[in-house]
Structures are given as structure tokens and as C-alpha cells.
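Here's the structure, in C-alpha cells; my notes come after.
Bear in mind that the values in this text are calculations on the coordinates, not laboratory data. Note that this is a predicted model, so its numbers are computed, not measured. Using ideal geometry, Cβ is built from the backbone for each residue, glycine included, and neighbour counts are taken over all protein chains shown.
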Amino acid sequence: MSTSTEKEMWVTKLRKGWQKNLPVDKLLPDTQPAYVASWIYLFGVATLASLGLIIATGLWLSFEGASWYHGSNVGHFVNSLHFWSVQFFFIFMVVHLWGKFWMAAWRGRRMLTWITGALAFVGSIATAFTGYLVQSNFDSQWISYEAKDGFNSVGIGSRFTVTNFGQMLLLHVAFLPVIIGVITLIHVLLVRAKGVVPPIDAFNKELGERK
Amino acid sequence: MGIFDHFMNLRAVYIHLGWFQISITNLLVIIGMLVLFGLALFLPFPGNKKEGQK
């Protein structure tokens, strides 16, 4: 039934857009420009590696449960691994942010890459805070009772109830990780589609054409 | 474990200058990130000998 004059299906538009903006040689490149050979370009992938470790240890903790990670040696180890991978995740992400800020990485139509990075940063903070609330120890009890006053004072305590362990646990292990995962995926795909931003002082044909 | 137990159970020490207050631990982490940033900018990257120009 299809003819050449028929209106294109959404899946056709999606395929053509994908092929135009992110062909497979851009998606899986085996070379990078010379300026990428610098330590400052490693912090993005270091952040991703930390995120992978966070997800892996987080899944392990979820399957074993609180009595395991509070009461066994392996549980303590995995719990610490989860905690420290979060610390390094934020350290690497902040250094990545500084590097990209000072090289004005939103140049060359990379605004969405910058915005998704910022969203991932804010979302990660929310995820980390809910993590502190679900440790199931006196620390999390103290933090939640301090935090509830803050949320109540701005009028959102009835919707976002930090003393509600079930709500915080589901946000931490299900909702927020999915959000972070999707934003991170979009961020990485945008980096692939647009390429790594060149240094400000580098002469670049692409940037010369579209500032 | 004894040393770590003792270390982890110490109270946080804070620097307090007027309106500004920060724990020594957080200050050290921030200084560490700045050092890492500086090293990343200035340390030579291994294998970066402009091989593309040969």
C-alpha cells in the first residue's frame, strides 16, 4: 500500500534522523582527535566507570538486604565499595565539570550535551541524598529527621517524605537510578554525535563554520 | 580494624571563619579535587608524542 508520496511513518523519520546524526562510525569511533590525548579528558569516562560500580554494588546490596550489609564481613565490604564508588563518582564528575566549564564545552551546538550533564549532576545529588536516608542505621535516622524540617519548611514534606523509608528506598533503588541512567545515556550519545569539544585556542573548521 | 574504628568514631573538626564553616574532611576533599584538576592539566599524557605527524 505504501507509495513514495505517502507520509513517512515516525519510525522512518527516527531511522533517517539516527543515520544522519549518529552513524555507527560516530557511535563507536576507534580514533579521537589529537587534543583528546590529555588527562583532563579521562574524567568523563572515570565518572561512567564509577557509575557502573555503583550500580553493580547497589544491585548486590539490594538482593542481599540490610541485615547482610550491616552484619557480615562481605556485606560491610560491598557496602563500603558502594559508598566509596559514590565518593569517587562525585569527585570525578566535579573535575569533569570544571574541565568542561573552562573549555566552554557547550560550543559547536553542544548545548544539549551541557544541559544533560547538568541534569545528571543534579539528579545524582538527589540520588545520593536518598541513599543516605536508606542506610537503615542511626545516621540515616538523624539525617532524615533533620531533612524533614527543611522539606516541611518549603511545603513539600507531604509529597516528599524523607522519614518514609519505603518511599525513599524506592526512589533510591528504582526511580532515580532509571532517571540518571537515561540522562547519562542521552549525554553519552550526544557526546558521540557531536564529538569531543576542541580546545578554545585550537583552530577548528567545524567551529569556524558554526559558532 | 582498631585504628579505623577509632578514626571513624572521632567527631568532625570544623574550620569556622565568620559566616563560613567547613569540616576539615570536606576541605581536604575539595583541595584534593583541585590538585587532581591541576595535575590533569599539566601532567604529560603517556604516548602523546604527536604520532599523527610522522
For region A:107-196, state the semi-axes of the equivalent ellipsoid (square roots of 5 times the eigenvalues of the alpha-carbon gyration tensor), sorted largest first and rounded to whole angstrom.
-> 32, 13, 10
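Ranking A:THR127, A:THR47, A:THR161, A:THR12 by Cβ neighbours within 10 Å, fewest first, what do you get? Let's see the in-between values first.
Working: A:THR127 20, A:THR47 25, A:THR161 16, A:THR12 11.
The order, fewest Cβ neighbours first, is A:THR12, A:THR161, A:THR127, A:THR47.
Within 10 Å of each Cβ in B:33-45, how many Cβ atoms from other chains are there, averaged over the peptide? Please report the intermediate quantities before stating the final value.
Numbers: counts 6, 3, 0, 8, 9, 0, 3, 10, 6, 3, 3, 3, 7.
Shielding by partners across B:33-45 averages 5.
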Residues with amide H under 5 Å from that of A:GLY157, placed H, sequence gap 5 or more | A:ASN152
Among A:GLN135, A:LEU176, A:TYR145, whose Cα sits farthest toward the positive end of the charge dipole of chain A (+1 at Cβ of Lys/Arg, -1 at Cβ of Asp/Glu, about the Cα centre)?
-> A:LEU176
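Say R0 is 22 Å: what FRET efficiency, to the nearest 0.05, do A:VAL178 and A:SER72 get from their beta-carbon distance? It would help to have the intermediate numbers written out before the result.
On the way: r = 29 Å, r/R0 = 1.31.
Working from the Cβ atoms, E equals 0.15.
Once you wrap a convex hull around the alpha carbon atoms of region A:1-107, what is its projected area averaged over all directions, in nm²?
Values: hull surface 49.6 nm².
Projected area, direction-averaged: 12.4 nm².
Working out 0.36 nm times the residue gap between A:ASP30 and A:ASP139, then minus their Cα-Cα distance, what length gain in nm do you get to one decimal?
Values: separation 109, 0.36 × 109 = 39.24 nm, distance 4.65 nm.
Contour length minus Cα-Cα distance gives 34.6 nm.
Test of understanding: what is the full-extension gain from A:LEU22 to A:ILE55, defined as 0.36 nm times their sequence separation minus their Cα-Cα distance? Numbers along the way, then the final one.
Details: separation 33, 0.36 × 33 = 11.88 nm, distance 2.69 nm.
Net length gain for the segment: 9.2 nm.
What order do you get for A:MET103, B:MET8 when you list them from fewest to most C-beta neighbours inside 10 Å?
Values: A:MET103 19, B:MET8 7.
Ascending Cβ contact count within 10 Å gives the list B:MET8, A:MET103.
Which entries of A:LYS13/A:LYS100; A:LYS16/A:LYS100; A:LYS16/A:LYS194 show an alpha-carbon separation above 26 angstrom in the structure shown? Spell out each step's value before the answer.
Values: A:LYS13/A:LYS100 32 Å; A:LYS16/A:LYS100 31 Å; A:LYS16/A:LYS194 17 Å.
Over 26 Å Cα-Cα: A:LYS13/A:LYS100; A:LYS16/A:LYS100.
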Work out the FRET efficiency for A:LYS13 and A:VAL122 from their Cβ-Cβ distance, taking R0 = 35 Å, and round it to the nearest 0.05.
-> 0.65
Measure nothing but the geometry: give the 0 to 90° angle between the long axis through the Cα atoms of A:138-153 and the longest principal axis through the Cα atoms of chain A, rounded to 10°.
-> 70 degrees
Using a simple charge model, +1 on the beta-carbon of Lys and Arg, -1 on the beta-carbon of Asp and Glu, nothing else, what dipole does the protein assembly as shown show about its Cα centre, in debye to the nearest 20?
-> 1240 debye
For chain A, what ratio Rg/Rh do Cα atoms give with a Kirkwood hydrodynamic radius?
-> 1.07
Exposure-ranked with fewest Cβ neighbours within 10 Å first, A:PHE151, A:PHE101, A:PHE89 stand as A:PHE101, A:PHE151, A:PHE89
